[in-house]
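No lab work stands behind these numbers, since they all come straight from the coordinates. All values derive from a computational prediction rather than experimental measurement. FYI the Cβ positions are ideal-geometry reconstructions off the backbone, even for glycines, and counts take in every protein chain you see.
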Amino acid sequence: MPIAPEFKTSPSVAPQAAHKEDETDVSALIARLTGEVNQIACEKTKSIQQITNQMKMLALNALIESSRVGAQGAGFAVVAQEVRAVGQLVETIARELEGQLTTRTGNLKSSIERMTERARGERMVDLALNAIELIDRNLYERTCDVRWWATDSAVVDCAAAPDAARVAHVSERLAVILSAYTVYLDLWLCDPSGKVIANGRADRFNVIGQSVADTKWFREARGLRSGDDYVAGDVECQPLLGNAQVATYCASVREDGKAHGKPLGVLAIHFDWEAQARAIVQGVRVSESDKARVLLVDSNLRVIASSDGQGILSERVSLRLDGKHSGFYQDASGRMVAFHATPGYETYKGLGWYGVIMSGA
């Protein structure tokens, strides 16, 4: 059986996310310039007020001197009064100008802060989408793998008649697959009762003869209608694999490898979840200033991957979804929280998971 090249994904930032970074930089520049304009305006109006105060003082002194000389200073007193009036008018204009400039630049600064916050939130939503899309593409490949390998002649023959020779042969075939597809911990061939009859890493995992009949993924796989269907299991710790975190994918093994042939058993493939998911969440390029935590959460909002390695399979986050597919908001502690639901990929519709990014307070 030829083995197709393994699908590779590497975390990257969506183009629109990079665009949002540019927008944020521009907003920060405008905010800084607005603050500088406001400062300059205040300084200049204060200078005008100082000058008018000097004019008023000079006018007052002139009035005092004109009163000393009596009638001869009457004309000078008129000029002094006019100078005083002009000074008061200039002072009034300066105060009005300062008030208007302060109000307008304040409003502009507030608007820019809101724009910056919105751009930051939208950028984080894009990054959350980027994370969930990467895992969706990866898991789509897993659904293809399990349906394809379930039709392999060695797998079908062993499921039909699991004698020692066929078990040995299919175990070799599964081991060959695992040597090329390093994203899997093990591959199990199960009979219709749920007993594991062969696996690809018998030297590491002593699972042959073990029953998986009570697992959710096996029960669902046993009820699949055709070989074209598959089961995508929840992320869980699998005791038979050293309690490793896995995402199990299953397809039914059918007579002659045909989609509607008689069911002969179940092929279960265990995706090495922790290592692969960690690479994705830690690869999301959030800015250092955000001090962000990148998460993948399941449909019950249980943390299934975390960039800081905390809370995996034990923590539940309180997302304020408000019926939305994606969005962002500030929580009670002041953190920016952004989320995006799984869009699915090709025939993989997703499991209701979310990409989530939580910035520092």
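Here are a few things to note about the model shown:
- Potential lengthening between ALA202 and ALA168 on full extension [0.36 nm per residue; Cα-Cα distance subtracted]: 11.2 nm
- Sorted by Cβ neighbour density within 10 Å, fewest at the top, the residues TYR249, TYR184, TYR348: TYR348, TYR184, TYR249
- Full-extension gain in nm, GLN88 to GLN282, via 0.36 nm per residue minus C-alpha separation: 63.4 nm
- Approximating the spin labels as points 7 Å out from Cα along Cα→Cβ, the ASP229-to-SER314 distance works out to 3.7 nm.
- Ranking of TYR140, TYR181 by count of other Cβ atoms within 10 Å, fewest first: TYR140, TYR181
- Sorting ASP272, ASP256 from the fewest to the most surrounding beta carbons within 10 angstrom yields ASP256, ASP272.
- Three-way shape call for the stretch 162-221 based on the alpha-carbon gyration tensor, with the a/c threshold at 1.5: oblate
- The stretch 332-361 residues near the modelled LYS216 label - backbone nitrogen below 13 Å, point 7 Å along Cα→Cβ: 351-353
- Of the trypsin sites (Lys or Arg not before Pro) found in the stretch 188-240, those in coil by DSSP whose Cβ has at most 14 other Cβ atoms within 10 Å are ARG204, ARG225.
- Checking the Cα-Cα distances for LYS324/LYS349; LYS216/LYS291; LYS216/LYS258 against a 28 Å cut-off, the pairs over it are LYS216/LYS291.
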